[in-house]
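Colleague: Pasting a structure below so you can have a look.
The values are calculated or read from the model by the stated rules, or taken from the named source; none is laboratory data. Please read all numbers here as calculations on a predicted model, not as lab measurements. Cβ placement follows ideal geometry from the backbone for every residue including glycine, while neighbour counts extend to all protein chains displayed. For the accessible areas, the whole protein counts, side chains as well, though only heavy atoms, and no ligand, DNA or RNA atoms are used. Shrake-Rupley method; radii C 1.70, N 1.55, O 1.52, S 1.80 Å.
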Amino acid sequence: MKKAESKVARIENRYIKDTATMKKTRNRRRIALFRRLAFMAIIFAVVGGLLTITYTKQVLALKDKKEKQVQVDKKMVAMKDEQEALNDQIKKLHDDEYIAKLARSEYYLSKDGEIIFNIPEENSKQKE
């Protein structure tokens, strides 16, 4: 079907031409505005996505580092306890009486005129 041709003639005057020109200009500006807004929305979405990804990576890295810090703190506490024990051992080893007692108990050394008796341990009593 063809468009029905209207029998009304268009008036070709200055006002009609100016109005048509303004409508075309307004439509072009509207299209340009939509394009600019769409472009800005895409840029904001990309930047927002990149910021979100970066933030997520940093949060995960921080979480891993905190877990490692907790493990290192536990290890440090254990090392401090061990260090204190070793320092106590060093202090004891500087004492001559402690060294003599240690030698007598572990290596069965005795003083002059001293006799050492071996006492059976509890395990041997239970076996009998």
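Colleague: State whether one or more residues within segment 24-35 are within 43 Å of the chain's Cα centre (by Cα), part of a helix (DSSP H, G or I) and not aliphatic (A, V, I, L, M).
Modeller: Yes, the conditions are met somewhere in segment 24-35.
Colleague: Sticking with this one: With respect to Ile43, is the statement that it is of a type outside the set (Gly, Ala, Ser), open to solvent by less than 80 Å² (accessible area, probe 1.4 Å) and out of contact with any strand residue (DSSP E or B) (no Cβ under 8 Å at 6 or more places or on another chain) true?
Modeller: Criteria met by Ile43.
Colleague: Go through segment 92-110 and give me each residue that's surrounded by fewer than 10 Cβ atoms within 10 Å (Cβ to Cβ), of a type in the set (D, E, K, R) and at pLDDT 80 or above.
Modeller: Asp96, Glu97
Colleague: Same structure again: Failed condition for Lys17, given (1) on the phi < 0 side of the Ramachandran plot; (2) not in a helix (DSSP H, G or I), with all others met?
Modeller: For Lys17, the exception is condition (2).
Colleague: Give all pairs with beta carbons closer than 6 Å in which a residue from segment 70-82 that is surrounded by fewer than 10 Cβ atoms within 10 Å (Cβ to Cβ) meets a residue that is among the aliphatic types (A, V, I, L, M) and in a helix (DSSP H, G or I); count only pairs at least 6 apart in sequence or on separate chains.
Modeller: Sorted first by the residue in segment 70-82, then by its partner, the list stays empty.
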